[in-house]
Amino acid sequence: MKYIIGHQNPDTDTICSALVYEDYLTQKGEEVKAYALGHLNNETKFVFEKFGVKAPDHVHEIPKNSEIILLDHNEETHSIHNINELDIIEIIDHHRVKIETDKPIKIHIEPLGSSCSIIAKKYLEAGLPNSPILSKENASLLLAGIISDTLYFRSPTTTQEDKDIAEKLNEIAQIENLEKFSLEMFNAKSDLGDIEVEELIRLDYKVYDFKGTKDFGFGLMETTTKDYGFNRKDEIITKLKEIKEKDNLQGAYFMIIDILKEEFYILCADKEDSELFTELFNPQNQNGILFINNLISRKKQIIPVFQNHFEK
Ligand SMILES: [Mn+2]
């Protein structure tokens, strides 16, 4: 049996692309199963409830030497902890490439807005007799993944192809008002209740290292209610300091992105991190919260600037 896994701290794109790819390969006669590397966030839970689909099970441990397919990630630090004992046979992704393998493998990486777009292409471009068929439920899940990752086509990671694919998917999914659906998703994601501060930081958290640096941690909250993050500013900063120390990081940040207003706010663990960010982005400082207008993508607008700074 082959395993399909998305990245840690899973989001809607990683879960839906993995699950629908399981269907695609199963229809092709392969024995595969998709798993989640962590608990689903509230947006993803909302999507699965809405379409009445069972979400993939959570996996903590994959047996040594198992064959795995990585969905929506390719960096070891974003994957399962024992990735080095596993046999990666395929990667489908839309992030920067940072992997080394010991043998040739299947890789499908494209600069599209979501991994769900890539999976959708596999169905939509097939068109041969016996090609896998995309069900209404799966078209809905793929559409949700695209909407989530592109923030309903607002993110600069969005391409015309993502929009075209979404339109074709909705011919099958038949979601009446896509914009309303996207709002429901974003509101579900923003509804965090009294979640513990460390869980909040790690909800959509990724570490990146650059040439010659230790890891940097970047937590991300995409929200329609940014005040929720602002109100917890002090405890978030205190926890960032702790995480920086505990995880031996070079820097620790927590970004708050107002999806609808397309505003970017960032909290920094300490003065050193704040100075670096200020040097790189020249943000406004609003009471210790750094602010940039019209910036909404960690992947396309934040990480590459850090990478250029350290590697060029
Ligand atoms: Mn993605």
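List of remarks:
- Residue count for the range 87-115, restricted to those that are in contact (Cβ under 8 Å) with a residue 60 or more places away in the chain and either surrounded by fewer than 21 Cβ atoms within 10 Å (Cβ to Cβ) or in a loop (DSSP other than H, G, I, E, B) (or both): 5
- When I256, I302 are screened for being in contact with a Lys or Arg (Cβ under 9 Å, 6 or more places away or on another chain) and either touching a residue at least 40 places away in the same chain (Cβ under 8 Å) or within 18 Å of F230 (Cα to Cα) (or both), only I256 passes.
- Output for the range 204-234, where each listed residue is over 23 Å from D258 (Cβ atoms) and either in the same structural domain as D149 (by TED's automatic domain parsing) or among the basic types (K, R) (or both): K211, K214
- First in the range 51-68 and surrounded by 15 or more Cβ atoms within 10 Å (Cβ to Cβ), second anywhere and of a type in the set (S, T, N, Q) and outside any loop (DSSP other than H, G, I, E, B), Cβ under 6 Å, 6 or more apart: F51/S140
- Residue within the range 178-197 that is farther than 18 Å from L151 by Cβ, touching a residue at least 40 places away in the same chain (Cβ under 8 Å) and either of a type outside the set (D, E) or in contact with a Cys (Cβ under 7 Å, 6 or more places away or on another chain) (or both) present: yes
- Output for the range 111-126, where each listed residue is among the hydrophobic types (A, V, I, L, M, F, W, C) and within 15 Å of the ligand (Cβ to nearest atom): L112, C116, I118, I119, A120
- Lone unmet requirement of (1) away from the ligand (no atom under 16 Å from the Cβ); (2) closer than 23 Å to A36 by Cα; (3) part of a helix (DSSP H, G or I) for I172: (2)
The values are calculated or read from the model by the stated rules, or taken from the named source; none is laboratory data. The structure displayed is predicted, hence computed values, not measured ones. Reconstructed Cβ throughout: ideal geometry from the backbone, glycine too, with neighbour counts over all protein chains shown.
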